[in-house]
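Enquirer: Please find one structure pasted underneath; my questions will follow.
The values are calculated or read from the model by the stated rules, or taken from the named source; none is laboratory data. Computed from a predicted structure; not experimentally measured. Note: ideal-geometry Cβ built from the backbone for every residue, glycine included; neighbour counts use all protein chains shown.
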Amino acid sequence: MDWQALSLSLRLAFWTVAILLPLSILLGRLLAFRQFRGKGLAEALVMLPLVLPPTVFGFYLLLAFGRNSRIGAFWQDMFGHQLVFTFEGLLIASVIFNLPFAIQPAQRGFEAVGQDLRDAARCCGMSPLRSLWKVELPLAWPGVMTAMVLTFAHTLGEFGIVLMVGGSIPGETRTLAISIYDRVQGFDDRSAAIMSAVLVAISLITIAITLTLSARIGRRLS
Amino acid sequence: MALSVTVRATAPIPLDLAFDVGQGELLALVGPSGAGKTTLLRAIAGLWRPDEGRVVVKGATWLDAAALIDLPTHRRRLGIVVQNFALFPHMSALANVMAAMDAPNRPEAGRLLDLVGLPGLGERRPAALSGGQQQRVALARALARRPDVLLLDEPFSAVDRPTRERLQAEILALRAHLPMPVVLVTHDINEAQLLADSMVVLESGHAVAAGSTAAVMANPEALRALGIREAASLLPATLVAHLPDGLSRFETAGGALFLPSVGAAPGSRMQVRIMAHDVILSRGRPEGLSAQNILAGTVARITPGEGPGTMVHVAVGDHELLARITRRAAGQMMLEPGDAVHLILKSLSVARDHVRRADHAGECGSMAGVVPE
């Protein structure tokens, strides 16, 4: 059992969720409530990681993060080490790759909050921020919650992108999914089986928590 | 004026009108759907910005398109009740009311729910309340904002008829607690005539008539826009007694009136809404009729319509009743202003919800002071 890989996977999933939670609220709300030029294009771009093969996506990220790219060079200047094959690089790739899983359900959640309720909140004297906190978020919460659980579970299981952008550096980029692959390559089926079972267990627990929470919220609202 | 509104716009619908509402005055905006009533209300609330316009409330400018003043909705002190009530589904009735307070105050929210007739249901969520109860919560929430303007956007249209009548009666009873200007949007002329002090009749974004309710309802331009069959007048009447045969006896300036029983105590001052096309005119006092009501009056003026009809304004005491008869009948009777006539009215032609209490205060007297000025 590769505890280091498990811990790395959980750390990656946690930080991905931490970054995507405010981002999904911001962008999901924007896409749900605002009509603007290029909205269709923005929605298509958010969806793109869903249809692109992870290797293709990983390849472009590798190019974008590489030392010859502007982003890569900037990172090197700022932090003194390169972005690819590091945890930070992996995290950025994970955030981008999870955009559709985080934003889509959040957007659906906010779309469920009708214009009439948002108008009512304003007529009750609530500032936009207060309306978000008191009215929109409580009602959009099932969507946002689903978004975060999907993101968490998906990050744990992602393989192609991690391999392309991160490689398999123990403690830095070797996640549980990569570790399982390595063990299978090394004919260590027993370790691979244990780690696979752990991943299944974590996934089941995550889904159970989601269903329980959304049922509780559903009861509270009805 | 407590509320002064001027709005001009070309989209989404053309609008071009201005009106004022005084402190404590209830103004009804009536007109067919698509006339711009709700859009106008949204302009007052700041939920929609017209091309040109001014909204001034108690001397404070909420909107002045020319001066680029546009106070955001949450900084406009207004209460609004909309057709579907828009209650927050995740909050209890009490929490809904408290959500509109500057400093959430549970006891005061409870008092407001008592005031609108919802004691003891504060912990329920909107989904567990009936349509009429939800409407009351919405009204309590609007009042909790301590509004300088109260906006009612078809607040009675989503509830069934008996509930609507009860709610309308309660709004009348609440009038004493509504010191602010109230704007009521409705397409129900009966509702407007019985609840409002003044009226603006809207037709494709223009005011075709404006003024006191009685004046507007006698205005041919307004009636053309509203539909001539809506022509009606109000007659003050005092309820004398409930009779065992299901009728109630009223006393009016023109004589006794027998109408289907209403839920009010003898001695109550009432308003009876009489549809112009239900009135028959007669020069002599007829006999042997099934109609129970024969009122005496004097022809004040006659305004011929475009079609076969003619509107005869008949003075009954200090009030004017409208009688819509054919031009042919008016000619045969050779009616002239000053002629004495009798108005004949079937008891059953007066719908129960066309008879209302005239005194605004009353039932809720003990709750005075709940809604501060």
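Enquirer: Those residues that are among the aliphatic types (A, V, I, L, M) and loosely packed, with under 11 Cβ neighbours inside 10 Å, I need them from the range A:68-91; list them, please.
Expert: Residue satisfying the conditions is A:Met78 alone.
Enquirer: Test B:Val30 against the stated conditions and say whether it is within 13 Å of another protein chain (Cβ to nearest Cβ) and in contact with a helix residue (DSSP H, G or I) (Cβ under 8 Å, 6 or more places away or on another chain).
Expert: Considered against the rule, which asks whether it is within 13 Å of another protein chain (Cβ to nearest Cβ) and in contact with a helix residue (DSSP H, G or I) (Cβ under 8 Å, 6 or more places away or on another chain), B:Val30 comes out as no.
Enquirer: Out of B:Leu129, B:Leu112, B:Leu150, which single residue is within 14 Å of another protein chain (Cβ to nearest Cβ) and in contact with a strand residue (DSSP E or B) (Cβ under 9 Å, 6 or more places away or on another chain)?
Expert: Answer to the check: B:Leu150.
Enquirer: For the range B:52-68, give me the residue count where each residue is of a type in the set (A, V, I, L, M, F, W, C) and within 19 Å of A:Cys123 (Cβ to Cβ).
Expert: Final tally of qualifying residues: 6.
Enquirer: Continuing with the same structure: Can you list the helices (runs of 4 or more DSSP H) lying wholly within the range A:1-69 that have 3 or more residues being within 29 Å of A:Gly186 (Cα to Cα)?
Expert: A:3-33, A:54-65
Enquirer: Please go through the range B:11-43 and pick out each residue that is β-branched (Val, Ile, Thr) and within 23 Å of B:Met180 (Cβ to Cβ).
Expert: Once the filter is applied, which keeps residues that are β-branched (Val, Ile, Thr) and within 23 Å of B:Met180 (Cβ to Cβ), the range B:11-43 yields B:Val21, B:Val30, B:Thr38, B:Thr39.
Enquirer: Have a look at A:Asp182, A:Asp188, A:Asp116 and point out the one that is within 14 Å of another protein chain (Cβ to nearest Cβ), surrounded by fewer than 19 Cβ atoms within 10 Å (Cβ to Cβ) and of a type in the set (D, E, K, R).
Expert: Of A:Asp182, A:Asp188, A:Asp116, the one residue that is within 14 Å of another protein chain (Cβ to nearest Cβ), surrounded by fewer than 19 Cβ atoms within 10 Å (Cβ to Cβ) and of a type in the set (D, E, K, R) is A:Asp116.
Enquirer: Same structure again: Can you tell which of B:Ala215, B:Ala142 is more than 13 Å from chain A (Cβ to nearest Cβ) and either hydrophobic (A, V, I, L, M, F, W, C) or surrounded by fewer than 23 Cβ atoms within 10 Å (Cβ to Cβ) (or both)?
Expert: Exactly one of B:Ala215, B:Ala142 is more than 13 Å from chain A (Cβ to nearest Cβ) and either hydrophobic (A, V, I, L, M, F, W, C) or surrounded by fewer than 23 Cβ atoms within 10 Å (Cβ to Cβ) (or both), namely B:Ala215.
Enquirer: Based on this model, can you work out whether B:Ala99 counts as within 29 Å of B:Glu191 (Cβ to Cβ), within 10 Å of chain A (Cβ to nearest Cβ) and either touching a helix residue (DSSP H, G or I) at 6+ places or on another chain (Cβ under 7 Å) or of a type in the set (A, V, I, L, M) (or both)?
Expert: Yes, satisfied.
Here is a yes/no grid of residues against (1) among the aromatic types (Phe, Trp, Tyr); (2) surrounded by 15 or more Cβ atoms within 10 Å (Cβ to Cβ); (3) within 20 Å of B:Gly338 (Cα to Cα); (4) free of Cβ contacts under 8 Å to residues at least 24 places away in the same chain:
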| residue | (1), (2), (3), (4) |
| --- | --- |
| B:Ala225 | no, yes, no, no |
| B:Pro236 | no, yes, no, no |
| B:Pro244 | no, no, no, yes |
| B:Thr252 | no, yes, no, no |
| B:Ala256 | no, no, no, no |
| B:Gly267 | no, no, no, no |
| B:Ser290 | no, no, no, no |
| B:Ala296 | no, yes, yes, no |
| B:Arg301 | no, no, yes, no |
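Enquirer: Residues to consider are B:Ala109, B:Ala95; find the one that is crowded, with 22+ Cβ neighbours inside 10 Å and under 30 Å from B:Ala127 (Cα atoms).
Expert: B:Ala109
Enquirer: Residues in the range A:129-151 that are away from chain B (no Cβ under 11 Å) and free of Cβ contacts under 8 Å to residues at least 60 places away in the same chain: how many?
Expert: 2
Enquirer: Could you grab the pairs with beta carbons closer than 8 Å, sequence gap of 6+ or different chains, first residue in the range B:120-133 and loosely packed, with under 13 Cβ neighbours inside 10 Å, second one in a helix (DSSP H, G or I)?
Expert: That search, which allows pairs on different chains as well, returns B:Glu123/B:Ala93; B:Glu123/B:Leu94; B:Ala127/A:Leu221; B:Ser130/B:Thr163.
Enquirer: Considering every residue within the range A:36-47, establish whether at least one is within 24 Å of A:Pro142 (Cα to Cα), surrounded by 17 or more Cβ atoms within 10 Å (Cβ to Cβ) and touching a residue at least 24 places away in the same chain (Cβ under 8 Å).
Expert: Yes, because at least one residue in the range A:36-47 is within 24 Å of A:Pro142 (Cα to Cα), surrounded by 17 or more Cβ atoms within 10 Å (Cβ to Cβ) and touching a residue at least 24 places away in the same chain (Cβ under 8 Å).
Enquirer: Have a look at B:Leu174, B:Leu167, B:Leu184 and point out the one that is within 15 Å of B:Leu115 (Cα to Cα) and touching a helix residue (DSSP H, G or I) at 6+ places or on another chain (Cβ under 7 Å).
Expert: After ruling out the rest, the residue left standing is B:Leu167.
Enquirer: Might you check whether a residue that is within 14 Å of chain B (Cβ to nearest Cβ) and under 30 Å from B:Leu41 (Cα atoms) occurs anywhere in the range A:92-109?
Expert: Within the range A:92-109, one or more residues are within 14 Å of chain B (Cβ to nearest Cβ) and under 30 Å from B:Leu41 (Cα atoms).
Enquirer: Given the conditions (1) in contact (Cβ under 8 Å) with a residue 24 or more places away in the chain; (2) more than 14 Å from chain A (Cβ to nearest Cβ); (3) in contact with a strand residue (DSSP E or B) (Cβ under 9 Å, 6 or more places away or on another chain), and given that B:Leu41 satisfies all but one, which numbered condition is not satisfied?
Expert: (2)
Enquirer: What single numbered condition from (1) within 23 Å of A:Phe97 (Cβ to Cβ); (2) touching a Lys or Arg at 6+ places or on another chain (Cβ under 8 Å) fails to hold for A:Ala192?
Expert: So A:Ala192 meets the others, but not (1).
Enquirer: If you check A:Val165 against the conditions, is it away from chain B (no Cβ under 11 Å) and at pLDDT below 90?
Expert: In short, yes.
Enquirer: Considering the range B:109-144 alone, what residues qualify as being among the charged types (D, E, K, R), at pLDDT below 95 and part of a helix (DSSP H, G or I)?
Expert: Passing the criteria: B:Arg111, B:Asp114, B:Arg136.
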